[in-house]
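Single-structure report; data block below.
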Amino acid sequence: MSNNKQISNNKIENEKIGATLIVGGGIGGMQAALDLASSGIKVYLVDNKPSIGGVMAQLDKTFPTNDCAMCTMAPRLVEVGRHKDIEVITLADIESIKGTAGNFTLKLNKRPRFIDEEKCTGCGLCVANCPVRNIIYVTPEKDKIEISDKHAKIMNNIIAEYIDTEGALVPILQKANDILNYLPEPVLKYTADKLNMPLSVVCRIATFYKSFSLEPRGKHIISVCLGTACHVKGAGRVTSALESELGIRRGETTKDMNFTLETVRCIGCCGLAPVLKVGEDVHGLVSKMMVPELLHSYEKAS
Ligand code: FES
């Protein structure tokens, strides 16, 4: 579906007219639009992306002042959005340009947004609940939940424990993750069904927190801290030693399902850097020489 929009002010051939079209809604385009609009010129600000802001919106700090990029951009974004003489046209491509300097006619191809732009507040809920990408509500008759009896029993107990708690979903998933070591797909569907909640909401929580895993994990989860203090004290070397000793890379699990290797940022024991955790056990001042023995002690305990 396309909606062609034509901007033309060529009432009188070759007459210079006062409307301007700016291609690109980055920081430069926004500033140019504001400058022109405050001189009394009507401005069309066109961008082929869903929103204006450009690359600068992706930056943290800017050179040479180290200013926060968003702090520079946000006031301009607001001003552009509110200025009566600036019309922002997003998701649009230029199809043709005709005319001469001072009097151009442009044909834009505006791609559909599939939402009511007047009503949209940018909350993002439609993305999270998209019926095309997500199964919204699990219906046991339609979406057969192939959960094992063992897992169903575990989940029934957990759900019964937290069902009356406000915001029960997070503790339910936490407990299930602790007991099962990960959150299998049938467990997520079963939880959504039992809590009468959209599956997309359950999946959003399950994928948001790093402590939840959707993949089976090892019996012992090794979390190496790569925070600043640990990094400068050699956490990278400890991680490499663990990788070569276990034969896996970070984020992976050994074939015997004994160890999963993860990296984290600062676990609050910077004085003991470099630090790693195996399950709930914290090990400080770790060196790469200590790795084989450390692993051996957990293998023995398995
Ligand atoms: S940086 Fe590693 S514990 Fe703080």
Looking at V286, V291, V282 in this structure, which one is over 29 Å from the mean Cα position of the chain (by Cα) and part of a loop (DSSP other than H, G, I, E, B)? V286
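How many residues are outside any strand (DSSP E or B) and basic (K, R) when one looks only at segment 82-99? Talk me through it step by step, then tell me what you get.
Pass one, segment 82-99, residues outside any strand (DSSP E or B): 82-85, 90-91.
Checking which are basic (K, R) leaves us with 82, 84.
Residues meeting the conditions: 2.
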Within segment 192-212, track down each residue that is assigned to a helix (DSSP H, G or I), of a type in the set (S, T, N, Q) and either modelled with pLDDT of 90 or more or open to solvent by 30 Å² or more (accessible area, probe 1.4 Å) (or both). T207
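I need a count of the residues in segment 42-100 that are small (G, A, S), under 25 Å from D116 (Cα atoms) and touching a Leu at 6+ places or on another chain (Cβ under 8 Å). Break it down stepwise before answering.
The initial filter retains those residues of segment 42-100 that are small (G, A, S), namely 51, 53-54, 57, 69, 74, 81, 92, 96, 99.
Filter once more, keeping what is under 25 Å from D116 (Cα atoms): 51, 53-54, 57, 74, 81, 92.
Among the residues that remain, those that are also touching a Leu at 6+ places or on another chain (Cβ under 8 Å) are: 53, 92.
Residues that pass the stated criteria total 2.
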Scanning segment 213-262 for residues that are of a type in the set (V, I, T), open to solvent by 10 Å² or more (accessible area, probe 1.4 Å) and within 12 Å of the ligand (Cβ to nearest atom), which turns out modelled with the highest pLDDT? V232
Which of the residues belonging to segment 142-195 are on the phi < 0 side of the Ramachandran plot and either small (G, A, S) or touching a strand residue (DSSP E or B) at 6+ places or on another chain (Cβ under 9 Å) (or both)? S148, A152, A160, A168, A176, A192
Could you list all residues from segment 263-302 that are open to solvent by less than 40 Å² (accessible area, probe 1.4 Å) and within 16 Å of the ligand (Cβ to nearest atom)? T263, V264, C269, A273, P274, V275, L276, V278, G284, V286
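The values are calculated or read from the model by the stated rules, or taken from the named source; none is laboratory data. Please read all numbers here as calculations on a predicted model, not as lab measurements. Virtual Cβ from ideal backbone geometry, glycine too; neighbours counted across all protein chains shown. Each accessible area value is taken on the protein alone, full model and side chains, heavy atoms only, with ligands, DNA and RNA left out. Shrake-Rupley method; radii C 1.70, N 1.55, O 1.52, S 1.80 Å.
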